[in-house]
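One structure is given here, and the rest of the page talks about it.
The values are calculated or read from the model by the stated rules, or taken from the named source; none is laboratory data. Since the model is a prediction, treat every value here as computed from it, not as a measurement. Positions of Cβ are generated from backbone atoms using ideal geometry, with glycine treated the same way; all protein chains shown enter the neighbour counts.
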Amino acid sequence: MTPARLAFLQAAFSGGPDTNLNDRVMNQSVASGLVDKNWGVSSTASLDLAGGSTLRLINSYRKWTNDQLDGDIVFLPVPLATRRSLFDSGSQNHELQFISPEREWLGGHFDMVAGLYYFEEKFALGEQLNMDTQYCNVLVPAGPGRTACAAYYASTGGVAATDQDVYQKVRSIAAYAQGNVYISDALTLTLGGRWTNDRKRGSYSQVSSPFTQTIRAPEVLTYPGLSESRFTYRVSLNYKPADDVMLFATHSTGYKSGGYNSGGGVPSLSTFDPQGNLISTRRVFDRETVKNYELGVKSSWLDRALTANLTLYRMDIAGFQDRAFDGVSFVVRNAGNLRQQGFELDLVLAPSDRFSLSGSLAYLDSKFTDFANASGVPGIGGRQDLTSKPNSFSPAWPGSVAVDWNGDIGSTGLTWAANANVAFVSDQYVGTVNDANPQSIADGYAVLGARLALNRRDDRWSLAVFARNLTNTHYRPLAVYQPLGAVLGLNNGAFPGSTANRIQANEPRTYGISGTIRF
């Protein structure tokens with residue numbers, strides 16, 4: 001950022017940015033309003049069939065409308081632009097299930113569940129951006145353009161300077177079945193499959209005034225229709241060599257249908273020829289598929305005083321649907337292939353019903369196996385190859401430890417219970433964009449908590465004092481790029497490719513008293 005640009009922003013925002021990330025003080029223009037309505041009906045009907053089977057029909061309808069004023073969408077100390085968002089959704093789903101009696105078919109060696117599923121939703125999304133008092137002074141360059149912008153604001157009040165209307169209709173049908181084959185008392189094979197067909201249609205319309213096209217580009221199109229079918233399956237084998245030990249292995253596949261991007265884009269996400277015919281669009285993204293493998297053990301030892309569970313897993317995702325922020329809005333696109341693999345360990349030591357020590361530890365090896373077309377960092381743009389880089393919000397080492405202790409208070413009919421716990425996590429990317437920006441790396445941290453409760457022995461009431469984040473640890477759970485960073489001249493300030501980040505503050509040291517009455 002040039003000294004002249006910094007001086008301009010300091011004057012426009014009445015001082016420099018808030019760079020104290022630990023004071024939990026926010027300085028931005030705020031406005032809000034919300035009208036939210038939800039209603040629905042549901043029904044369940046069951047019919048008992050001969051032989052102990054059950055036929056069940058589940059129906060529901062849901063209606064949701066929402067009209068909200070989001071406040072200033074640029075999140076700066078001066079009022080620039082507010083957003084009114086409108087949502088209207090009507091959905092219905094119907095499911096017919098057939099459930100066999102448990103372990104009664106084939107001489108007690110088989111049971112199953114099967115069904116048909118139907119879902120339909122009509123969804124409308126509207127967005128209006130309203131210019132606020134300082135919009136022209138900050139976001140429009142000095143000169144005739146700013147003068148014209150001021151005149152436009154004076155005559156219209158900046159209301160609905162952009163107007164977006166999005167419509168989408170979704171229909172999904174599926175048929176599924178899953179059965180358990182009891183090979184022996186110790187060995188069970190589970191086989192399941194699901195066929196799904198998804199169909200989507202919709203339209204997109206974005207109108208923008210001459211002075212707001214740097215934040216919402218005009219664009220009108222009918223979404224290309226999407227229709228796709230997919231078969232997914234699950235195979236699982238459970239083996240119990242002893243009453244308190246179960247070994248399991250599972251292979252399953254998953255599927256997430258493709259869809260449409262509804263966020264405003266700059267420039268337009270669609271390209272048209274001179275006759276208005278669609279050439280290409282980034283408003284459509286493809287399906288995401290996953291293959292999952294698990295191998296593990298669930299066990300109890302020392303007369304069930306020790307519980308130990310371990311799971312090894314690998315998840316291979318193809319066509320990973322990644323949300324990338326372009327400085328104006330989020331755009332979903334297929335980011336290539338991602339592998340998440342590791343282990344999860346859970347231990348509980350409870351030598352008596354008065355005391356227990358529990359802990360969990362996980363290791364996650366997150367890696368894009370193919371991501372040659374990743375988003376570039378904000379100040380540079382373009383594309384970069386992030387193959388072998390980790391996904392956001394994928395720390396290598398998360399875990400926790402807790403101690404619980406309780407006892408009676410003489411013959412008063414009262415009991416006490418104490419808990420102390422610590423949760424920890426290693427370094428990770430916490431940015432909302434997968435671009436391996438060093439600014440998005442958050443250091444690992446540990447958070448301590450404690451609770452002391454007084455209870456009536458029959459649990460009719462309890463009174464507790466508690467504390468969370470006892471050491472008042474500061475950490476970064478989320479980092480979001482400052483909207484309109486390029487327009488505001490914030491890119492490449494710290495190093496080439498950098499930009500201004502908005503950091504979400506974590507919960508500070510918190511303590512209090514809670515009470516519960518059960519009746």
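For this structure, a couple of remarks:
- No other residue among R314, R354, R323 is within 30 Å of W416 (Cα to Cα), touching a residue at least 12 places away in the same chain (Cβ under 8 Å) and not hydrophobic (A, V, I, L, M, F, W, C) apart from R354.
- Residues satisfying the stated conditions in the stretch 178-202, i.e. among the small types (G, A, S), over 29 Å from the mean Cα position of the chain (by Cα) and not in a loop (DSSP other than H, G, I, E, B): G179
- For the stretch 203-241, a residue qualifies if it is surrounded by fewer than 14 Cβ atoms within 10 Å (Cβ to Cβ), modelled with pLDDT under 95 and in a strand (DSSP E or B), and exactly one does: T222.
- Matching residues in the stretch 331-360 - criterion: being aromatic (F, W, Y) and either surrounded by 15 or more Cβ atoms within 10 Å (Cβ to Cβ) or outside the structural domain of A402 (by TED's automatic domain parsing) (or both): F343
- Screening V332, V266 for residues that are over 30 Å from L361 (Cβ atoms), in a strand (DSSP E or B) and touching a residue at least 12 places away in the same chain (Cβ under 8 Å) leaves exactly one candidate, V332.
- Exactly one residue out of A467, A486 is in contact (Cβ under 8 Å) with a residue 40 or more places away in the chain, over 22 Å from A418 (Cβ atoms), of a type outside the set (S, T, Y) and touching a Gly at 6+ places or on another chain (Cβ under 7 Å): that is A486.
- Residue match in the stretch 146-157 (condition: free of Cβ contacts under 8 Å to residues at least 60 places away in the same chain, loosely packed, with under 15 Cβ neighbours inside 10 Å and touching a strand residue (DSSP E or B) at 6+ places or on another chain (Cβ under 9 Å)): yes
- Top-ranked residue of the stretch 268-313 - restricted to ones that are in the same structural domain as S208 (by TED's automatic domain parsing) and among the small types (G, A, S), ranked as surrounded by the fewest Cβ atoms within 10 Å (Cβ to Cβ): G276
- Hits in the stretch 65-114 - residues which are hydroxyl-bearing (S, T, Y) and outside any loop (DSSP other than H, G, I, E, B): T65, T82, S85, S89, S91
- Options A453, A396; residue that is modelled with pLDDT of 95 or more, under 21 Å from T510 (Cβ atoms) and among the aliphatic types (A, V, I, L, M): A453
- Scanning the stretch 435-475 for residues that are surrounded by 15 or more Cβ atoms within 10 Å (Cβ to Cβ) and among the charged types (D, E, K, R) yields D435, R451, R456, R468.
- Evaluated against (1) under 30 Å from N501 (Cβ atoms); (2) in contact (Cβ under 8 Å) with a residue 60 or more places away in the chain; (3) surrounded by 15 or more Cβ atoms within 10 Å (Cβ to Cβ), D70 falls short on exactly one condition, (2).
- Failed criterion for Y153 (all others in (1) of a type outside the set (G, A, S); (2) modelled with pLDDT of 95 or more; (3) outside any helix (DSSP H, G or I) hold): (3)
- Pick from the stretch 128-145, criterion under 20 Å from S85 (Cβ atoms) and not aliphatic (A, V, I, L, M), ranking: surrounded by the fewest Cβ atoms within 10 Å (Cβ to Cβ): Q128
- Residue among L302, L269 that is on the phi < 0 side of the Ramachandran plot and among the hydrophobic types (A, V, I, L, M, F, W, C): L269
- Residue selected from the stretch 188-220 under the condition in contact with a Leu (Cβ under 6 Å, 6 or more places away or on another chain) and in contact (Cβ under 8 Å) with a residue 60 or more places away in the chain, by the criterion farthest from D273 (Cα to Cα): K200
- For Q504, the conditions (1) more than 28 Å from the chain's Cα centre (by Cα); (2) free of Cβ contacts under 8 Å to residues at least 40 places away in the same chain; (3) under 21 Å from V328 (Cβ atoms) are fulfilled apart from (1).
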